[in-house]
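Pasting a structure below so you can have a look.
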Amino acid sequence: MPAALQFSRDVYDAVVVGGGHNGLVAAAYLARAGRSVLVLERLGRTGGAAISTRPFAGVDARLSRYSYLVSLLPDTIVRELGLRFAVRKRTVSSYTPTVRGGRPTGLLVGADRTRDSFAALTGSDREYAAWEAFYGRIRTAAERIFPTLTGPLPSRAELRARVGDEATWRMLFEEPIGTAIERHFADDLVRGVVLTDALIGTFAGAHDPSLAQNRCFLYHVVGGGTGDWDVPVGGMGALTDALADAARGAGAELVTGHEAIRIDTDGTTAEVAFRTRDGEGTVAARRVLVNASPQALAGLLGETPPAPAEGSQLKVNMLLRRLPRLRDRAVDPRQAFSGTFHVAEGYTQLETAHAQAASGRLPAAPPSEIYCHSLTDPSILGPELAARGYQTLTLFGLHTPARLFPAGDAHDATRDALLKATLAELDAHLDEPIADCLAVDEDGRPCIEAKTPLDLERDLRLPGGHIFHRDLSFPYADGTTGRWGVETAHPNVLLCGAGAVRGGGVSGIPGHNAAMAALGR
C-alpha cells in the first residue's frame with residue numbers, strides 16, 4: 001500500500017503517531033506554523049482516552065468515559081489554537097461523608113459553607129485556619145509554577161527560586177507530603193481529603209520515600225495557577241473534537257485505522273511503517289512525534305523498553321434515574337455530588353488500603369471519589385433524560401494496582417468483587433442503595449460499567465493501565481532531559497504523550513512542548 005495512494009504527499013514535515021489530545025495539540029501547532037503534518041491513529045476515531053461515549057445501549061447519555069475533569073489545560077492553548085471549547089466551574093470543591101459520635105455528618109468545601117462545615121465537624125476553627133494557611137501556600141506556588149509548564153524546562157535551582165519560599169519548596173519537592181499533612185492538620189478526615197490529590201492514579205503511601213505521591217500532588221494542585229478542577233462542557237470528547245477540528249482547519253491530515261508498527265530514523269529523516277485492515281505501508285517524515293507511552297516508543301524504535309509501569313485505579317461509570325438520598329441530612333445531594341464526593345478517604349483509611357494492596361490483597365474498604373458531570377453540565381444528557389432528573393456518576397477508585405488483577409476469567413471475578421466492595425462503602429453513607437437509583441439500558445441491564453488497569457491496558461494500550469503512562473516527574477530538568485522534556489536519543493523523534501516530562505492528565509502540555517521543540521523554539 002504505497003503512501004502516495006493514501007496520503008497527499010510522500011514526505012511530511014512531521015508525522016504524529018497517535019491521535020489522542022496531545023497528538024492533536026502538536027499537530028495543530030505544527031500545521032498552524034506552516035508545516036505539513038500527518039496524524040496516524042490506530043483506533044477508528046481520534047481522542048484517545050479523552051473521549052465521550054454512550055456506553056449504555058439505547059441510552060442518550062454521553063459520558064467522559066476515561067478522563068473526567070480539566071485542570072491542567074492552559075488557557076493559552078485554547079486561545080492560540082482558537083478552540084471552540086469551554087469549561088464550567090463547580091460550585092462545590094468536595095464533600096466527604098463520615099460518622100462522628102454515631103451521627104452521620106461530613107465535610108463540605110465550597111458553596112460558602114467551608115468554615116462552618118469545618119467547625120461543625122471538628123468542633124473549632126483550628127483545622128479551617130490550617131486549611132487556609134496550607135492552601136494559601138499552595139496557591140502561591142501554583143501561580144508561580146504553572147506558567148513554566150509551557151516553556152523550556154527550568155533547572156531545579158531556577159524553579160526553586162521561582163517558588164521563592166523554602167518551607168513550601170521543602171514540603172512539595174523534598175519531604176514526603178505526608179509529613180506536611182501531619183504537621184498542618186490534626187483531624188484524620190481532613191488529612192485524608194488533602195492526601196487524595198497525591199494518590200490519583202498513583203500507588204504510593206503518604207510517606208513513600210520515592211516522592212511519587214508528591215509529584216502526583218503537585219500536578220493536581222497547580223492547574224491554571226489555582227488547582228481548580230473544571231467540568232468540560234459537552235464532555236471530554238468536546239475538547240478532542242475541537243482539537244481535531246483545529247488541526248484539520250490548519251491543514252493537518254488525520255487518518256484513523258492506521259496503526260504505527262515501526263519507526264526507522266537516521267536522525268535527519270525517518271520512515272514510519274503502519275498497518276491497516278487492508279495491509280501495510282510506509283510514510284516518510286522529517287520529524288516524528290509519538291503520542292504514546294515510553295514503552296510503545298521503545299517498541300516502535302526496536303529499543304529496550306523502560307521499566308514496566310503499573311496503573312492503580314478502578315474506573316466506574318454510572319447513569320442514575322435520580323441522585324441518592326444521603327444519611328447526612330445537613331447537605332443536599334445536589335450540593336454533595338456537585339464537587340468531588342470522597343468515600344472511605346480518611347487518612348488512616350487511605351494508608352490502610354495502601355498497606356493491604358501492597359501485601360497483595362484488595363482493600364477491605366476501597367477508597368474512591370465520585371464526580372457528577374451532569375449537575376454542572378446537563379448538555380451531556382439527552383433532553384428527555386435531563387427533564388426526568390437523570391444524572392451521571394463517574395467513580396475513580398484508589399489503591400487498586402494492576403498486580404491485584406489476575407488474567408483471564410479470574411480478572412472479571414476480581415473486578416466484580418472490588419466493585420461490590422467499593423459500592424458498599426458508598427452505600428454506607430446513603431439512605432438508599434445506589435443500585436436502587438441506577439437507570440437501565442434498552443435491554444434492562446443496570447447502567448454501570450467498571451474498568452481496571454488491565455481493562456485500560458487492553459482498551460487504550462496504557463502500559464500496565466497507568467493513566468500517566470509512567471510515574472510523573474517533577475517539572476524541572478534533571479540532567480537527563482532535553483530543553484523541552486520531550487526529546488529522545490534521536491534528534492528527529494520526540495515524545496509528545498503523557499510520559500514526557502510535565503506530562504500526565506488532560507493538559508495538552510506535552511503536545512505543545514513537542515511542537516515547540518520541533519519548531520526549534
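Restricting to DSSP loop positions (anything but H, G, I, E, B) with no more than 14 other Cβ atoms inside 10 Å of their own Cβ, which trypsin sites (Lys or Arg not before Pro) remain in the range 63-118?
Of the trypsin sites (Lys or Arg not before Pro), the ones in loops of the range 63-118 whose Cβ has at most 14 other Cβ atoms within 10 Å are ARG84, LYS89.
Can you list residues whose amide H is under 5 Å from ARG287's amide H, if they're 5+ apart or on another chain and H is modeled 1.01 Å from N?
Under 5 Å from the amide H of ARG287: ALA14, VAL15.
Add +1 for every Lys or Arg and -1 for every Asp or Glu among the other residues with Cβ under 11 Å from the Cβ of SER64, and state the total.
With Lys, Arg at +1 and Asp, Glu at -1, the net is +2.
What whole-number distance in Å separates the alpha-carbon centres of the range 30-78 and the range 206-240?
17 Å
I need the calculated FRET efficiency for the pair THR480 and THR76, taking r as the beta carbon distance and R₀ as 22 Å, to the nearest 0.05.
It comes out at approximately 0.20.
Another question about this same structure. Take the Cα pairs of the range 255-312, get the Kirkwood Rh, then feed it into Stokes-Einstein at 25 °C and 0.890 mPa s and tell me D in µm²/s.
196 µm²/s
Karplus couplings for the range 386-392 from phi (6.51 cos²θ - 1.76 cosθ + 1.60, θ = phi - 60°), rounded to Hz, Gly and Pro as x?
Coupling constants for the range 386-392: 4, 5, 8, x, 5, 9, 9 Hz.
Report, in whole Å, the centroid distance computed from the Cα atoms of the range 310-327 and the range 435-498.
What the calculation gives is 20 Å, centre to centre.
Here's another thing I want to ask about it. So what is the accessible area of the range 109-183 per residue, in Å², with the probe set to 1.4 Å?
Per-residue value: 46 Å².
Under a plain spin-label model, where a point goes 7 Å from the Cα along Cα-to-Cβ, how far apart in nm are ALA358 and ARG115?
3.9 nm
Moving on. Run lengths n ≥ 4 of DSSP H only: what is the helix-derived mean residue ellipticity at 222 nm for the chain, with -39500 (n - 2.57) per run over all residues, to the nearest 500?
Result for the chain, helices only: -9500 deg cm²/dmol.
Would you grab the residues whose amide H sits under 5 Å from the one on CYS447? Only those 5+ places off in sequence or on another chain, please, with H modelled 1.01 Å from N.
Excluding prolines and chain starts, which carry no amide H, the hits are LEU319, ALA439, VAL440, ASP441.
Farthest toward the dipole's positive end in the chain, which of LEU211, VAL17, SER71, given Cβ charges of +1 (Lys, Arg) and -1 (Asp, Glu) about the Cα centre?
Sorting the options by dipole projection puts first SER71.
Just the number: Rg to Rh for the range 1-118, Cα atoms, Kirkwood Rh, two decimals.
Here the Rg-to-Rh quotient is 1.18.
While we're on this one: What is the extension gain from ARG329 to ARG262, computed as 0.36 nm multiplied by their sequence separation minus the C-alpha to C-alpha distance, in nm to one decimal?
In short, 18.3 nm is gained.
Moving to a separate point now. What residues of the range 106-143 lie in the reach of a label at ARG100, counting those whose backbone N is under 11 Å from a point 7 Å from the Cα along Cα→Cβ?
106-108, 116-128
In a shell of Cβ-Cβ distance under 13 Å around ALA386, excluding ALA386 itself, what net charge do Lys and Arg (+1) and Asp and Glu (-1) give?
Computed value for this residue: +1.
I would also like to ask the following. Counting only protein heavy atoms, what percent of the accessible surface of the range 278-383 is carbon or sulfur at a 1.4 Å probe?
52 percent
Rounded to the nearest 0.05, what FRET efficiency do ASP416 and THR269 give with R0 = 45 Å and r taken as the Cβ-Cβ distance? Could you check?
The pair ASP416/THR269 has a calculated efficiency of 0.35.
Also, quick follow-up: Along its principal axes, what span do the Cα atoms of the range 107-215 show, with the longest given first and each in whole Å?
Sorted from largest, the Cα extents of the range 107-215 read 46, 28, 24 Å.
Which cross-chain or sequence-distant (5 or more) residues have an amide H under 5 Å from the amide H of SER312, H modelled 1.01 Å from N in plane?
Residues meeting the amide H criterion: ILE467.
If the label point is 7 Å along Cα→Cβ of GLU384, which residues in the range 27-57 have backbone nitrogen under 18 Å from it?
Within reach of a label on GLU384: 54-57.
Give the peptides 145-153, 350-358, 234-242, 39-47 in descending order of average Cβ contacts within 10 Å, highest first.
Per-residue mean Cβ counts within 10 Å order the peptides as 234-242, 39-47, 350-358, 145-153.
Considering only DSSP beta bridges where both residues belong to the chain, give the percentage that are antiparallel (nearest 5).
Percent antiparallel among DSSP bridges in the chain is about 70.
Something else about it: Hey, any idea what % of the range 1-149's accessible area is carbon plus sulfur with a 1.4 Å probe?
Solvent-exposed carbon and sulfur of the range 1-149 make up 47 percent of the total.
Could I ask something else about it? I need the calculated FRET efficiency for the pair ARG321 and ASP188, taking r as the beta carbon distance and R₀ as 30 Å, to the nearest 0.05.
With a Förster radius of 30 Å, E is 0.30.
Through the Karplus equation 6.51 cos²θ - 1.76 cosθ + 1.60, θ set to phi - 60°, convert the phi angles of the range 417-428 into ³J(HN,Hα) values in whole Hz; use x for Gly and Pro.
5, 5, 4, 4, 5, 5, 5, 5, 5, 5, 4, 4
How large is ³J(HN,Hα), in whole Hz, for each residue of the range 224-230 in order, when computed from phi with the Karplus curve 6.51 cos²θ - 1.76 cosθ + 1.60 and θ = phi - 60°, using x for Gly and Pro?
x, x, 10, x, 5, 10, 9
At 0.36 nm per residue, minus the direct Cα-Cα distance, what do ASP228 and SER210 gain on full extension? Give it in nm, one decimal, please.
That pair, ASP228 and SER210, stretches by 3.9 nm at full extension.
Give me the distance between the Cα centres of the range 164-181 and the range 94-135, rounded to whole Å.
Their Cα centres are 24 Å away from one another.
Using bins 10 angstrom wide from zero, how does P(r) for the range 289-419 break down, in % of all Cα pairs?
11, 29, 28, 24, 8, 1
Ranking request for peptides 201-209, 437-445: highest mean number of other beta-carbon atoms within 10 Å first, then the rest in descending order.
Sorting 201-209, 437-445 by mean packing, highest first, produces 201-209, 437-445.
How high is the relative contact order of the range 229-388, in percent, with contacts defined as C-alpha pairs under 8 Å that are six or more residues apart?
16 percent
What net charge is computed for the residues neighbouring LEU38, neighbours being all others with C-beta under 15 Å from the C-beta of LEU38, Lys and Arg scored +1, Asp and Glu -1?
0
Still on this structure, please answer the following. Per 0.36 nm of contour for each residue apart, how much would the distance between LEU519 and ASP60 grow if the chain were fully extended, relative to their Cα-Cα spacing?
161.0 nm
Give the span of the range 203-349's Cα atoms along each principal axis, as three whole-Å numbers ordered largest to smallest.
Ordered largest first, the range 203-349 gives principal extents of 65, 42, 33 Å.
Calculate the spin-label point distance for ALA86 paired with ARG126, positioning each point 7 Å from the Cα along the beta-carbon direction, and give it in nanometres.
Taking the two extended label points, one gets 4.6 nm.
Rolling a 1.4 Å sphere over the protein heavy atoms, what is the accessible area per residue of the range 195-302, to the nearest Å²?
33 Å²
Thinking of the range 128-277 as a set of Cα atoms, what percent of all their pairs are more than 21 Å apart?
The share of Cα pairs beyond 21 Å in the range 128-277 comes to 61 percent.
The values are calculated or read from the model by the stated rules, or taken from the named source; none is laboratory data. In this text, all values refer to a predicted model and were calculated from it rather than measured experimentally. All Cβ positions, even for glycine, are placed from backbone atoms using ideal geometry, and neighbour counts span all protein chains on display. Surface areas here come from the heavy atoms of the whole protein model, side chains and all, with no ligands, DNA or RNA. Shrake-Rupley method; radii C 1.70, N 1.55, O 1.52, S 1.80 Å.
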